[in-house]
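Undergrad: My structure is below; once you've seen it, I'll send some questions.
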Amino acid sequence: MRKAPRKQPARTGLVQTAALVLTISCPLAALAQEPADRKAFFGEQHVHTSWSFDAYIFGNHITGPADAYKYAKGEPIKHPLGYEVQITTPLDWMGVTDHSEYAGVVRLSNDPSSPISKLPIAEKLKVRDPADIQKIYLWLGTSLIEDKPIEALMKPEISDTVWQQNNKAADEAYEPGKFTAFCSYEWTDNPNYRNMHRNVYFKDCAKVPARPFSSLDSQVPAVLWDWMDRQREAGNELLAISHNANLSGGLMFPIEVDFKGRPIDRSWAESRDRNERLTEIKQIKGASETHPLLSPTDEFANYEILNYLLGDPKGQFITIGGSYVRQALKDGVAMQQAKGYNPYKTGIVGGSDSHNTAVPYRQENFFGGHARLDGTMKERMGGHNFAGLDVRLENPAGLTGLWAEENTRESLFEAMQRKETFATSGPRMQLRFFAGWDYGGDLVARDDWVKAAYDSGVPMGGDLPAPPTVTRSGETAPRFIVWAVKDPSAANLDRIQIVKGWSKNGQSFEKIYDVVWSGDREPDAFGEVPLIKSTVDLVKATYDDTTGSAELIGVWTDPDFDASLDAFYYARALAVPTPRWTTIQAKDLGVPPPEVVPATVQERAWSSPIWYTPTSEARAKATAGRTVEDLEKQGAVALNDAELKDLVSGEYIWLKNTVTGGIIKTQWSKEGLLLIMNVDPRIPQPSEFGALHEHSYLGDPNSAYSIADGKLVTNFGNREYRYTVYKLDSEAGAKADSEPDEKAKPNYAFGKVHGDAEAKEDSKPNEKAKPHYVFARSNEFGYANYEVIDPPVFLGTEVTGATVPTEPPTSEALSKQ
């Protein structure tokens, strides 16, 4: 990752004990009204008990929702295997999210004291031997995957009874000002083994419906949102939280149509934004922030990646596009720019998805999440192959932090609704993030800096308003405040970064900026802040606190801001390296750490984003890109299959990205392989191409390709990306070539590509009047951004005015040298 060099010292002194207090309960009588008085309340938004049918089948037979709340409050409870477990630090809030599909029926069918056990259908759910467990799991699970509900288990006397008991447990656990228990459940949709799960949260348990809306009612998220709209119209406030996008097979964040073929239009986007306010970024089954192939310049992207689909279906692969939060955020701003709406303005939370009732949040206290299937140390470290999942790839649960005035259902729900939320990988580090136009560089030195940040800016989850005509600094660029403080019982902090995503002419980009860091490290010549020294002893599975800081704070201005472009920003705080749970438990067993997972981990926290949307006046100043509609108005015609084959098969084609100015050489073999070469790593790379520079350097084909239905069909991350190639006649092509290209000038915001000499060369009319070809990529929202050009004479950008001698020098000229 290349960054502009800068110096910004950290506040690395010891923090007062009060600053490290993570949760402070507010008496109701002392309700705080000022946003600056909001505190971070940590909680669990995603946990299962024995009432979830799969948890019962995994071996969780003894604990239900009431036990989950006891655990959250700090009381010890029994692990499904019988040993005692206790949380390290009690939580402030929790919502038990047992599956609404067949909730409680397996457990209650096996409880002789339950009326449900007396029903005829209960006989099919009674567990008498291990074979029954497998049979019941397949029966219930297959009904969900194949969308064939078992009607007898959906009768009100079953489903309504369980739901009422769930809500009763939440009401009994609720202690306003001290501990909040939400009425909540999981809508568990798993079409064709692809995770589409959502947790549904209600603001007021007194207004919940008679029964939850489950995937047995509909597998379509948009239908769930319609039901939520009707609940809201009836006065029942609620919201949904999507989770495990990384296991969704690309379905969680679609950009063209949803999995039922419905277009992702304005109505769909508004419905999602209205109902689905948050998404889970990390849990036991991996992280959903990003993937190294989606973010090849992010040196911290390779974090708890899980290559898995629920149920381990044969012959199916994960899909990278549509499965990660950062790419969804980028697609969202691209759609805002191209189409006028953004379906993915989502806030960030963490969770567990534990099926133990109890939840492990710490590397040093990891006891798995699936009852008897990962519940012993030897089983975990032996790499139990649980339904195709090596349990060593699991990791401790994430946590959600809510910035709220008090610990009540109303206050915490409002924090979720406005997306003033952050997630951590488990430790209780606190994270603040603000944006404004007028923050002074010395603001964070003030005692009331939080109040000032609220007063003149927006917090995480907010929208940055239009820039003022005049700012205090004289710059028309947003300024950001980042602050993080460590968990008192966990590792020090390494750095805080800001992740920026933006869009131009249908393409989206990202860049990671180191904003403030610990110690006296200096950025290198390329702006890179060196990695912090690791103190981990892999043999002893220990680390020390000689590196890092207890607190980091800073103010940062976006050096690449363009007021005409849609953008988002979020903060990411990283802790110093510590031993992963697999390293700790390997030491306990006297064996080497496993090679299949990293030996160390850098715990982290993520803020919800802040979005910038240009005004119509600012947007009008952006350089207009060429759309497919523009081409068609010029008389361009899309090539058919035969014409595409003639154009590319066995050929190489030079393409110019008209957004970035980048020039690449594409080679299309007759055998159906595509290799992209001559990639300049300094130029921001459009989304969903993978590690282009690495493939280019190594000569490794980027993709197979095929030709079908008038498209060049390529593949990245198990998703198709289609190119339509348009041909302009010689007159229109010559006109297009002769139009001045502003992006041909050196432009450091998008990378230097063409010097003035090349710009003049490109602007010459096409003397041979050859046809003009333009490629449009399917994920760029109607823009045609890749022009076919003649092979350039020079590819370097550092030297201008270079020429190739027309003939060898004469002997006289040589003698004068």
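The values are calculated or read from the model by the stated rules, or taken from the named source; none is laboratory data. Since the structure is predicted, the reported quantities are computational estimates derived from the model, not experimental observations. Virtual Cβ from ideal backbone geometry, glycine too; neighbours counted across all protein chains shown. When the accessible area is computed, the model is the full protein with side chains, heavy atoms only, and any ligands, DNA or RNA have been set aside. Shrake-Rupley method; radii C 1.70, N 1.55, O 1.52, S 1.80 Å.
Undergrad: Would you calculate the separation in nanometres between label points at V804 and D700, each defined as 7 Å from the Cα along the Cα-to-beta-carbon direction?
TA: A separation of 3.2 nm, rounded to one decimal place.
Undergrad: Turning to a different aspect of this structure: Provide V713, V804 ordered by accessible surface of protein heavy atoms (probe 1.4 Å), highest first. Spell out each step's value before the answer.
TA: Values: V713 20, V804 90 Å².
Descending accessible area places them as V804, V713.
Undergrad: Whole angstrom only: what separates the Cα centroid of the range 426-485 from the Cα centroid of the range 200-236?
TA: The range 426-485 and the range 200-236 have Cα centres separated by 36 Å.
Undergrad: Just to check I understand the Karplus step: with θ = phi - 60° and J = 6.51 cos²θ - 1.76 cosθ + 1.60, what whole-Hz values come out for the range 404-411, glycine and proline as x?
TA: Residue by residue, the range 404-411 yields 9, 6, 8, 8, 9, 4, 4, 5 Hz.
Undergrad: Still on this structure, please answer the following. Please compute the length gained on full extension between N192 and S143, using 0.36 nm multiplied by the number of residues separating them and subtracting their Cα-Cα distance. Don't jump to the answer; show the numbers that get you there.
TA: Values: separation 49, 0.36 × 49 = 17.64 nm, distance 1.13 nm.
In short, 16.5 nm is gained.
Undergrad: Taking the Cβ of P614 as the center, what net charge do the other residues with Cβ under 10 Å away carry, scoring Lys and Arg +1 and Asp and Glu -1?
TA: Value of the local net charge: -1.
Undergrad: Residue separation times 0.36 nm, minus the C-alpha to C-alpha distance between R230 and K168: what's the value?
TA: Values: separation 62, 0.36 × 62 = 22.32 nm, distance 2.37 nm.
Working it through step by step, the gained length comes to 20.0 nm.
Undergrad: Turning to a different aspect of this structure: Only sites in a loop by DSSP and with at most 13 other Cβ atoms within 10 Å count here; which chymotrypsin sites (Phe, Trp or Tyr not before Pro) in the range 312-364 make the cut? If you can, show how the numbers build up before the last one.
TA: Working: sites: F317, Y324, Y341, Y344, Y361; in loops: F317, Y324, Y341, Y344, Y361.
Within the range 312-364, the qualifying chymotrypsin sites (Phe, Trp or Tyr not before Pro) (loop, at most 13 other Cβ atoms within 10 Å) are F317.
Undergrad: Counting DSSP beta bridges in the chain, what percent are antiparallel, to the nearest 5?
TA: Here the antiparallel bridges make up roughly 90 percent for the chain.
Undergrad: Check the straight Cα-Cα distances from K486 and name the aspartates and glutamates below 14 Å, setting aside those fewer than 8 residues away within the same chain.
TA: Leaving aside aspartates and glutamates fewer than 8 places away in the same chain, those within reach of K486 are D494, D545, E551, E603.
Undergrad: Quick check on the chain: helices-only [θ] at 222 nm, where DSSP H runs of length 4 and up contribute -39,500 (n - 2.57) each and the sum goes over total residues. Nearest 500, please.
TA: Working: 19 runs with 168 residues, N = 817.
Taken over the chain, the calculation gives -6000 deg cm²/dmol.
Undergrad: Given H placed 1.01 Å from N in the peptide plane, which residues other than close sequence neighbours of N702 have an amide H under 5 Å from its amide H?
TA: L674, L675, I676
Undergrad: Please state the shape class of the range 204-340: rounded when a/c is under 1.5, otherwise prolate if a/b exceeds b/c and oblate if not, all from the C-alpha gyration tensor. Intermediate results must be reported in sequence, preceding the final value.
TA: Details: a/c = 1.83, a/b = 1.50, b/c = 1.22.
In terms of gyration-tensor shape, prolate.
Undergrad: Set the Förster distance to 41 Å, then compute FRET efficiency between K260 and Q86 from the Cβ-Cβ distance, nearest 0.05. Display every interim value, and only then the final one.
TA: Values: r = 45 Å, r/R0 = 1.09.
Rounded to the nearest 0.05, the efficiency is 0.35.
Undergrad: Right, another one. What label, among [x] 52.9, 145; [y] 28.3, 109; [z] 31.8, 104, belongs to Rg and Dmax of the Cα atoms in Å computed from the structure on display?
TA: [y]
Undergrad: Got a number for carbon plus sulfur as a percent of the range 490-559's accessible area, 1.4 Å probe?
TA: Numbers: 1330 of 2440 Å².
Taking all protein chains in place, the range 490-559 shows 55 percent carbon and sulfur surface.
Undergrad: Can I ask one more? Given a 1.4 angstrom probe, what's the average accessible area per residue across the range 612-673, in square angstrom?
TA: On the way: 3230 Å² over 62 residues.
Normalised by residue count, the accessible surface of the range 612-673 is 52 Å².
Undergrad: Residues in the range 135-161 near a label at E123, defined as backbone nitrogen under 17 Å from the 7 Å Cα→Cβ point?
TA: 136, 152-153
Undergrad: Sticking with this one: Go through M429, F480, P468 and say which Cα lies farthest out towards the positive end of the charge dipole of the range 420-567; charges sit on Cβ, +1 for Lys and Arg, -1 for Asp and Glu.
TA: M429
Undergrad: Here's another thing I want to ask about it. K207: which lysines have alpha carbons under 16 Å from its alpha carbon, excluding same-chain residues fewer than 8 sequence positions away?
TA: Candidates past the 8-residue exclusion: K168.
Undergrad: From the square roots a ≥ b ≥ c of the eigenvalues of the alpha-carbon gyration tensor of the range 306-371, which class results: rounded (a/c under 1.5), prolate (a/b over b/c), or oblate?
TA: Because a/c hits 1.5 or more and a/b fails to exceed b/c, the range 306-371 counts as oblate.
Undergrad: Across the range 42-57, in residue order, what do the Karplus-derived ³J(HN,Hα) couplings come to in whole Hz, using 6.51 cos²θ - 1.76 cosθ + 1.60 with θ = phi - 60° and x for Gly and Pro?
TA: After applying 6.51 cos²θ - 1.76 cosθ + 1.60, I find 9, x, 10, 9, 7, 8, 10, 10, 5, 6, 7, 4, 6, 4, 4, 5 Hz.
Undergrad: Which distance in nm do the two modelled labels at S669 and T623 give, with both placed 7 Å along the Cα-to-Cβ direction?
TA: In this crude spin-label approximation the distance works out to 3.5 nm.
Undergrad: A further question on this structure: Tell me, what is the FRET efficiency for D37 and S267 to the nearest 0.05, using R0 = 41 angstrom and their Cβ-Cβ distance as r? Mind showing how you got there, number by number?
TA: Details: r = 39 Å, r/R0 = 0.94.
Calculated transfer efficiency: 0.60.
Undergrad: Indicate the gyration tensor shape class of the range 72-174 (rounded, prolate or oblate), computed on the Cα atoms with a ≥ b ≥ c the square roots of the eigenvalues: a/c under 1.5 is rounded; otherwise a/b larger than b/c is prolate and the rest oblate. Please report the intermediate quantities before stating the final value.
TA: Working: a/c = 1.92, a/b = 1.56, b/c = 1.23.
Cα axes put the range 72-174 in the prolate bin.
Undergrad: Report the full-extension gain for the segment E175 to K533: residue separation times 0.36 nm, less the Cα-Cα distance, to one decimal in nm. Walk me through the numbers before you get to the answer.
TA: Values: separation 358, 0.36 × 358 = 128.88 nm, distance 4.41 nm.
Contour length minus Cα-Cα distance gives 124.5 nm.
Undergrad: Using 7 Å Cα-to-Cβ label points, what is the Y652/T469 separation (nm, one decimal)?
TA: 5.5 nm
Undergrad: Can I ask one more? For E651, which sequence-distant residues (separation of 5 or more, or a different chain) have an amide H within less than 5 Å of its own amide H, given hydrogens modelled in the peptide plane?
TA: Answer set, sorted by chain and number: W668.
Undergrad: How much net charge surrounds P292 when only other residues with a Cβ under 10 Å from its Cβ are counted (Lys, Arg +1; Asp, Glu -1)? Before the final figure, lay out each step's value.
TA: Values: positive: none; negative: D298, E299.
Computed value for this residue: -2.
Undergrad: Hey, if we sort Y513, Y652, Y83, Y174 by accessible area with the 1.4 Å probe, largest down, what's the order?
TA: Values: Y513 5, Y652 115, Y83 80, Y174 45 Å².
Correct descending sequence by accessible area is Y652, Y83, Y174, Y513.
Undergrad: Would you list V208, V648 from the most to the least accessible area, probe 1.4 Å? If you can, show how the numbers build up before the last one.
TA: Values: V208 35, V648 0 Å².
From most exposed to least exposed: V208, V648.
Undergrad: Under 5 Å between amide H atoms, partner at least 5 residues away or on a different chain: which partners does G554 have, H built in plane at 1.01 Å?
TA: V482
Undergrad: Still on this structure, I have one more. In whole Hz and in residue order, list the ³J(HN,Hα) couplings for the range 116-123 that follow from phi through the Karplus curve 6.51 cos²θ - 1.76 cosθ + 1.60, θ = phi - 60°; x for Gly and Pro.
TA: 5, 5, 8, 6, x, 5, 5, 4
Undergrad: Also, quick follow-up: Please tell me which of these pairs span more than 23 angstrom C-alpha to C-alpha: K39/K451; K78/K419; K656/K711; K39/K500; K260/K282? Show your work: numbers first, answer last.
TA: On the way: K39/K451 13 Å; K78/K419 34 Å; K656/K711 19 Å; K39/K500 26 Å; K260/K282 27 Å.
Going by Cα-Cα distance, K78/K419; K39/K500; K260/K282 fall outside the 23 Å limit.
Undergrad: Under 13 Å from the Cβ of L216, count the other residues' Cβ atoms, weight Lys and Arg +1, Asp and Glu -1, and hand me the total. Each step should come with its number before you reach the end.
TA: Values: positive: K148, K155, R211; negative: E101, E146, D147, E151, E186, D189, D217.
Residues near L216 contribute -4 overall.
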